[in-house]
Each structure stands twice: as structure tokens, then as C-alpha cells.
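Every read-out reported here was derived from the displayed coordinates using simple, explicitly stated rules and does not represent laboratory data. From a predicted model like this one, the values you see are computed outputs, not experimental measurements. Neighbour counts run over all protein chains shown; Cβ positions are idealised from the backbone, glycine included.
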Amino acid sequence: MTSKKTFKALSIMLMYPTVEIQSSLKRILHTLQHEAIITQKNLQNLAELIDFLQNSDLLDLQEQYVDLFDKNPSLSLYLFEHVYGEMRDRGQAMVDLTEHYEKNGLSISQKELPDYLPLFLEFLSTIDYEKALDLLGEPITIIAILNARLKLINNKYYYILAALEDISKIAPDQKVLKKSICHNKIKITCEEIDQNWEETEAFATRKKM
């Protein structure tokens, strides 16, 4: 099966908002609808997010994005940060992932970190769809945790993570997932999220039933 542009579309939606991204959102929605690998419910949610991103002030979006993803370790979009933290092994994992990208035809600049989730999704859009699904399953527990945490604070970016979780053939590790989020209905602070994150394990994979 050929590659799917859906992964690139979701990648762009998850990036730092820019004028160029805002102007591309209609084409992104068309891609998601045309390829139809996302459920109708998730498509409706993504259309809602796209409408929000299109009609919001860009400076406000950028400020909110930085506050959400860049200032909260528990919501970081750098996957290896959740696995290795600042440990030395993270550097080697970066090198290995970069080499994997390059062997499959994706070159990245020295300024880009290979474990950045939008970059990982862009890579998935360049390879065979079935292979992409296999690779998506590797960090699916991290993706599910990010999904749950964003949903818990009622942030619409969770629609992107929910769509990825739905596409994946691998289910997240429920034990790790439950350990990593709060289960009460009260909104939690960023500090409380970070405290819960400290003991989280990730990259555990289980096949969906």
C-alpha cells in the first residue's frame, strides 16, 4: 500500500502555528477527508480544531502553543524526553533515529531533533502505509498519554493525538496509561501533571484486540 498524506497533515496541525500553516488548513482538511483513514467522529473533531486554528488570532495561538507544549515537560512533543529524560542514552537514540530517517530518504537539518513528534509523523507520510502503522505503534503509549492529558485540561489539540491512537494497530499499555494520568474529574495543574509524569514508563506496546 502507498504512503498516506494524512500523517503529514496531522504533523502540520501539531506544529508551532504560523501564517503558512493557517493558510494551509483548508487543504489539510481536504486531505484528511479524501484519504478517509480516520473515523468520521475524529474527522469531525479535527474539522472543529481546524476551524479554531483558522479563526483565532495568530499571536494568541503561538503564545498558547508555547505555554502548552514548550513549558510543560509532561506535554513535550519530543518523544525521547519521556523515555530517557536527560540520560546519556537519549543521544544515541537520537543518532539511531536520524540514521533510520536518512536510510529511508528523509534528510533533516542539524537544528531539528529527530524525536519531535511532528517530524516523526512527517516521516511516516513518506513510507509505505503498513510500515508506517507498525512504526506508529512503537510510541503509541506516549501518544495516548499526551492525548489523555490534553483531554483532561480540555485542550482541542487532543483531537490530533486521538486520531493517531485510533489509526494505530497497536493499543497503548493500559497499565502505564492509568498510572500516568489522574482519574478524577477535577482539572489538574501543570505541576500536578508533571508530578504524575515522573514515574511514567513509555514505548510499551500491545496489539489491539
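Remark: the Leu68-Glu99 segment gains 8.2 nm on full extension, using 0.36 nm per residue and subtracting the alpha carbon distance. Neighbour counts of C-beta atoms inside 10 Å place Val176, Val19, Val66 in the sequence Val19, Val66, Val176, starting with the fewest. By the count of neighbouring beta-carbon atoms within 10 Å, fewest first, Lys169, Lys151, Lys111 end up ordered Lys111, Lys169, Lys151.
Can you put Ile153, Ile170 in order of Cβ neighbours within 10 angstrom, beginning with the fewest?
Ranking Ile153, Ile170 by Cβ neighbours within 10 Å, fewest first, gives Ile153, Ile170.
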